[in-house]
Amino acid sequence: MNKIRYFDHAATTAVKEEVLKEMLPYFNIEYGNASSIYDIGRKSKRAIDEARSKVAHAINCNPKEIYFTGCGSESDNLAIKGIAYVNKEKGNHIITSKIEHPAVLNTCRTLQNEGFNITYLNVDENGLINLQELENSITKDTILISIMFANNEIGTIEPIKEIGEIAKKHKVLFHTDSVQAIGNVRIDVNRMNIDLLSMSAHKFYGPKGVGALYIRNGVNCCKLQDGGHQEKNLRAGTENVAGIVGLGKAIEIAYQNFDEYNNKLINLRDYYISKVEEKIPYIKLNGHKTKRLPGNSNISFRYVDGESLLLNLDSKGICASTGSACSTGSVDPSHVLLAIGLEDELARGSLRVTFGDENTKEDVDYLIRSLIEIVQNLRNMSPEYLEITK
Ligand code: PLP
């Protein structure tokens, strides 16, 4: 059995030891319900409040502006639908982009079916939205702009501060899905004029199944789920205390070690990209060269099918991801890669490698050696490749 080399940190990350250690007592020792008034209940409530403060500190807001949820998708749903329903008398227009995660895109599609009018902004060949196109799209009916902080497939970081300025100038609310950005980019919701921001613990070495939503004080957002009065009546359901504690600890560590972690990832990423560019012909780096997440690489290999590449890498113990989503037996090229203008073949031959804490240069060398071999083997079976190299 090959040693596992994990290069899929944009999909999820392993819970850090320190995070797990903080979480454990809340499963079976401090297991009180945070709504109960006796001691172990109060302890749970205190632990949740501490985590809330840690999240608030990381993005420079007041702890009262943080609401815990069940995941990043839930935070996106709550932000977008919650704002849409509250403001529907004011206007029915929402602006988003074509490269959002399905948690945003499908939420917008649902609202579209309910009568909301949605503008899906184009992106350029690097995945950046056009600020002028954004401003021109705003109408008197626009109630919300929802643009992701950083893209999960190609890693491109959007001009968030500038979007925030445009939103503020036109008195439109601004939500950003920052699920991929937390821990990888410094975020200040006040400096960036962000009104709502989504995050998910499992992307920054916290547990799965817990997320958070920042809602600026004074912004009215409605609940989507009926039940108890938890999270200031915005999110019914007994709090996932251990998960919330884990999220708090993970975000605290992420910003304590920010520079060291980011430099490490940038070095691994740039080393990997330069080696692939040097050793493998007929490739294309997707996403912006510099405005990209420190740990993200996304490369298309011409004359290679992404799924075959993944399966071959898997047989060598390497975990990575492709831009194709396998649905009902057919492999559709990613909407993100198509939106940046990639032709179908390049979109199907893409490989996302996302670096993280436990990766070493030796792991990356192993990945590069494996890729050189696998890509050549796959190309040797491609009639198009054999034709152009004969
Ligand atoms: N938004 C982005 C940009 C993501 O990358 C993801 C997960 O991959 C999500 C939202 C959904 O987060 P979760 O898995 O916590 O629901």
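Can you pull out every residue in the range 127-151 that is under 17 Å from the mean Cα position of the chain (by Cα) and surrounded by fewer than 22 Cβ atoms within 10 Å (Cβ to Cβ)?
Leu128
I'd like the residue in the range 66-88 that is closer than 17 Å to Asn220 by Cα and out of contact with any Leu (no Cβ under 9 Å at 6 or more places or on another chain) and, out of all such residues, is least open to solvent (accessible area, probe 1.4 Å).
If we take residues in the range 66-88 being closer than 17 Å to Asn220 by Cα and out of contact with any Leu (no Cβ under 9 Å at 6 or more places or on another chain), then Val86 is least open to solvent (accessible area, probe 1.4 Å).
Out of the residues in the range 61-102 that are touching a helix residue (DSSP H, G or I) at 6+ places or on another chain (Cβ under 9 Å) and among the basic types (Lys, Arg), state the one that is farthest from the ligand (Cβ to nearest atom).
Lys64
Would you confirm whether or not the range 272-289 contains a residue that is open to solvent by 60 Å² or more (accessible area, probe 1.4 Å) and in the same structural domain as Asp177 (by TED's automatic domain parsing)?
Taking the range 272-289 and keeping what is open to solvent by 60 Å² or more (accessible area, probe 1.4 Å), we get 277-279, 281-282, 284, 289.
Still in the running and in the same structural domain as Asp177 (by TED's automatic domain parsing): none.
No, the range 272-289 contains no residue that is open to solvent by 60 Å² or more (accessible area, probe 1.4 Å) and in the same structural domain as Asp177 (by TED's automatic domain parsing).
Ile163: free of Cβ contacts under 8 Å to residues at least 40 places away in the same chain and either in a loop (DSSP other than H, G, I, E, B) or within 16 Å of the ligand (Cβ to nearest atom) (or both), yes or no?
On the way: free of Cβ contacts under 8 Å to residues at least 40 places away in the same chain: yes; either in a loop (DSSP other than H, G, I, E, B) or within 16 Å of the ligand (Cβ to nearest atom) (or both): yes.
Yes, satisfied.
Can Gly243 be described as open to solvent by less than 10 Å² (accessible area, probe 1.4 Å), part of a loop (DSSP other than H, G, I, E, B), at negative phi and out of contact with any Cys (no Cβ under 8 Å at 6 or more places or on another chain)? It would help to see each step written out before you state the result.
Working: open to solvent by less than 10 Å² (accessible area, probe 1.4 Å): yes; part of a loop (DSSP other than H, G, I, E, B): no; at negative phi: yes; out of contact with any Cys (no Cβ under 8 Å at 6 or more places or on another chain): yes.
Judged against the criteria, Gly243 is not a match.
In the range 103-120, what residues are within 16 Å of the ligand (Cβ to nearest atom) and either free of Cβ contacts under 8 Å to residues at least 24 places away in the same chain or of a type in the set (A, V, I, L, M) (or both)?
Ala103, Val104, Leu105, Asn106, Arg109
For the range 89-102, which positions are in contact (Cβ under 8 Å) with a residue 24 or more places away in the chain, farther than 21 Å from Glu153 by Cβ and open to solvent by 70 Å² or more (accessible area, probe 1.4 Å)?
Lys90
Mind checking which residues of the range 270-294 are without any contact (Cβ under 8 Å) to a residue 40 or more places away in the chain and assigned to a strand (DSSP E or B)?
Ile283, Leu285
To keep it simple, each residue is scored yes or no on (1) modelled with pLDDT under 95; (2) of a type in the set (D, E, K, R); (3) within 16 Å of the ligand (Cβ to nearest atom).
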residue	(1), (2), (3)
Lys171	no, yes, no
Thr176	no, no, yes
Val189	no, no, no
Met192	no, no, no
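Yes/no matrix, rows are residues, columns are (1) surrounded by fewer than 18 Cβ atoms within 10 Å (Cβ to Cβ); (2) within 26 Å of Lys264 (Cβ to Cβ); (3) aromatic (Phe, Trp, Tyr):
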site: Leu351; (1), (2), (3): no, yes, no
site: Phe355; (1), (2), (3): no, yes, yes
site: Thr360; (1), (2), (3): yes, yes, no
site: Glu387; (1), (2), (3): yes, no, no
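The values are calculated or read from the model by the stated rules, or taken from the named source; none is laboratory data. All values reported here derive from a predicted model rather than from experimental measurement. Note: ideal-geometry Cβ built from the backbone for every residue, glycine included; neighbour counts use all protein chains shown. We work out accessible area using only protein heavy atoms, side chains counted, and drop any ligands, DNA or RNA first. Shrake-Rupley method; radii C 1.70, N 1.55, O 1.52, S 1.80 Å.
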